[in-house]
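J.: One structure, pasted below without further comment.
The values are calculated or read from the model by the stated rules, or taken from the named source; none is laboratory data. Please read all numbers here as calculations on a predicted model, not as lab measurements. Here the Cβ positions follow ideal geometry from the backbone for every residue, glycine too, while neighbour counts run over all protein chains shown. We work out accessible area using only protein heavy atoms, side chains counted, and drop any ligands, DNA or RNA first. Shrake-Rupley method; radii C 1.70, N 1.55, O 1.52, S 1.80 Å.
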Amino acid sequence: MEINEKEMQKAAEILRAGGLVAFPTETVYGLGGDAFNPLALAKIFEIKKRPRFDPLIIHIADLGALEAIAEVRELPASAQKQAERLMHTLWPGPLTLILPKKPALPDLATSGLPTVGVRLPAHPEARKLIRLSTGAIAAPSANPFGYLSPTTADHVRRQLGEAGGMILDGGPARIGLESTVLDLTSEIPRILRPGGTPEEILRDILGDISSGNEKTPRASPGMLKSHYAPGAPLKLHDPEEMLALPYNPEEGYLFFRQTDLDLWLKTQDRPAKARAQALSAAGDLPEAGARLFGCLRELDSLGLSSLHAERVPDQGLGKAINDRLSRGSAGS
Ligand code: TXA
Ligand code: MG
């Protein structure tokens, strides 16, 4: 879906004037503001009710814009090479790199950290907006803190309403999962958040990386255990367990494959179809990723007492899907 030129110009002007604009990227919709304007940054935290200790990702439209934000030369030589290789192979794309921060970037953008998360999105209209406005746009996912990320303009509208300011509608997000966050300032590159760029691809390019978990302290301040949560409690199940669940009309069910859902439906007594959904027709992980947040939202809108979701294979995009599901279920 194309955004018309007038809307685009208007959005760029709002950003230049220190206002906020929600805009599409290939991962999820972002709530953008000028990265160099502390007032715009403060508005982002306020509207999202985001704790100030959770730093923002800065979005750029081309490699030339990196220099104003990050100091790649402060990295050890080997990490510099890795950064360059990643940027040239995987940007534009769903990968955020944590790099040393330029002092001129307001501390509010990075929550006072000496590092900054930078991303060059693959969405052409997101890049156009960034280029037409200020060249560096801070943008978290356009949802209230802790809730599911928006993958359509409608999700943004319903969650942030008027407070979110102007919303550019670019249709549904292609990937539907947030970017992978990779820290290049640690001794070995470390995945702080699994996302749209699978770990396997990073390993192919870098060799050794760490996917940091329990053993390593929380390095990405926003990666709280209970995050990406729907309103109803969410329980996670392995496939066999999921197939054996008895249907409860008060509960919702999210299967990975349509064939498993069909199998399960046959064993149940007249289940309401809307309460049971499948992420993918044929067990395709990219399709499942693109539908994940939308399906969870739909189930969540039915006012059910709890939701059940099936774990997906833990490979490729499956790692990010399982990560979001398990964070979504952590408080339940
Ligand atoms: O796909 C995406 O990344 C989307 C779209 C809009 O680009 N944005 C997004 O932003 O997901 P947000 O704010 O919802 O998540 C940013 C994550 C948080 O977990 C934050 O803690 C981490 O990136 N992060 C940002 N800067 C960091 C830094 N300097 N060090 C460690 N983690 C950082
Ligand atoms: Mg977010």
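J.: Per residue of segment 62-71, in order, report the coupling 6.51 cos²θ - 1.76 cosθ + 1.60 (Karplus, θ = phi - 60°) as ³J(HN,Hα) in whole Hz, putting x for Gly and Pro.
T.: Those phi angles translate into 7, 4, x, 7, 5, 4, 6, 10, 10, 10 Hz.
J.: Moving to a separate point now. Per residue of the chain, what 222 nm ellipticity follows from adding -39500 (n - 2.57) for every DSSP H run with n ≥ 4, rounded to the nearest 500? List each step's numbers first, then the result.
T.: Details: 10 runs with 105 residues, N = 332.
It comes out at -9500 deg cm²/dmol, rounded to the nearest 500.
J.: Right, something else. Treating the angle as unsigned and between 0 and 90°, give the value, to the nearest 10°, between the Cα long axis of helix 285-300 and the longest Cα principal axis of the chain.
T.: In the chain, helix 285-300 runs at an angle near 70 degrees to the longest axis.
J.: For the chain, with the dipole built from +1 on Lys and Arg beta-carbon atoms and -1 on Asp and Glu ones, taken about the Cα centre, which of Ala163, Cys295, Ile3 lies farthest toward the positive end?
T.: Farthest towards the positive end: Ala163.
J.: Residues with amide H under 5 Å of Ser111's amide H, sequence separation 5 or more or different chain, H placed in the peptide plane at 1.01 Å from N; which?
T.: Close amide H contacts, sequence-distant or interchain: Leu56.
J.: Ignoring ligands, DNA and RNA, what percent of the 1.4 Å accessible area of segment 69-128 is carbon and sulfur?
T.: Looking at segment 69-128 in its full context, I get 57 percent from C and S.
J.: Just how large is the dipole of the chain about the Cα centre, in debye to the nearest 20, putting +1 at every Lys and Arg Cβ and -1 at every Asp and Glu Cβ? Don't jump to the answer; show the numbers that get you there.
T.: Numbers: 38 positive and 41 negative charges, 131 e Å.
Around 640 debye, computed over the chain.
J.: Here's another thing I want to ask about it. Compute the distance from the alpha-carbon center of segment 286-332 to that of segment 13-40, in whole Å.
T.: Value for the Cα centre distance between the two parts: 27 Å.
J.: Once neighbouring chains are kept in place and the probe is 1.4 Å, which whole percent of the accessible area of segment 138-215 is contributed by carbon and sulfur?
T.: C and S atoms contribute 48 percent here.
J.: I would also like to ask the following. Quick one: which residues, 5 or more positions from Ala278 or on another chain, have an amide H under 5 Å from its amide H? H modelled 1.01 Å from N in the peptide plane, none for Pro or chain starts.
T.: Amide H neighbours of Ala278, under 5 Å, 5+ apart: Phe255.
J.: Any idea what the relative contact order of the chain is, in percent, if you count C-alpha pairs under 8 Å spaced at least 6 apart?
T.: 20
J.: If DNA, RNA and ligands are ignored and the probe is 1.4 Å, what is the ranking of Leu99, Leu236 by accessible area, most exposed first?
T.: The most accessible residue leads, giving Leu236, Leu99.
J.: Given 4 °C and 1.567 mPa s, how large is the Stokes-Einstein diffusion coefficient of the chain in µm²/s, with Rh as the Kirkwood radius over Cα pairs?
T.: In µm²/s, the coefficient rounds to 64.
J.: Going by amide H atoms built from the backbone, whose H comes under 5 Å of the H on Thr96, apart from near neighbours?
T.: Thr180, Val181, Leu182
J.: How many Å² of accessible area per residue for segment 229-311, probe 1.4 Å?
T.: Accessible area per residue: 47 Å².
J.: A further question follows. Roughly how many whole Å is it from the C-alpha centroid of segment 65-91 to that of segment 127-176?
T.: Each part reduced to its Cα centre gives a spacing of 26 Å.
J.: Then there's this: Past the 30 Å Cα-Cα mark, which pairs from Lys48/Lys319; Lys43/Lys273; Lys10/Lys319?
T.: Lys43/Lys273; Lys10/Lys319, as the Cα separations exceed 30 Å there.
J.: Please give the charge dipole size of segment 12-163, origin at the Cα centre, charges +1 on K and R Cβ atoms and -1 on D and E Cβ atoms. Round to the nearest 20 debye. Please report the intermediate quantities before stating the final value.
T.: Numbers: 17 positive and 14 negative charges, 29 e Å.
I would put it at about 140 debye.
J.: Magnitude of the Cβ-charge dipole of segment 82-220, K/R +1 and D/E -1, about the Cα centre, nearest 20 debye?
T.: On the way: 15 positive and 14 negative charges, 54 e Å.
In total the dipole reaches around 260 debye.
J.: Taking a probe of 1.4 angstrom, what is the accessible area of Tyr29 in Å², to the nearest 10?
T.: In the full protein context, Tyr29 sits at about 0 Å².
J.: Rounded to the nearest whole Å², what accessible area per residue is found for segment 45-116 with the 1.4 Å probe? Can you show the working numbers first?
T.: On the way: 3240 Å² over 72 residues.
Per-residue accessible area for segment 45-116 comes out at 45 Å².
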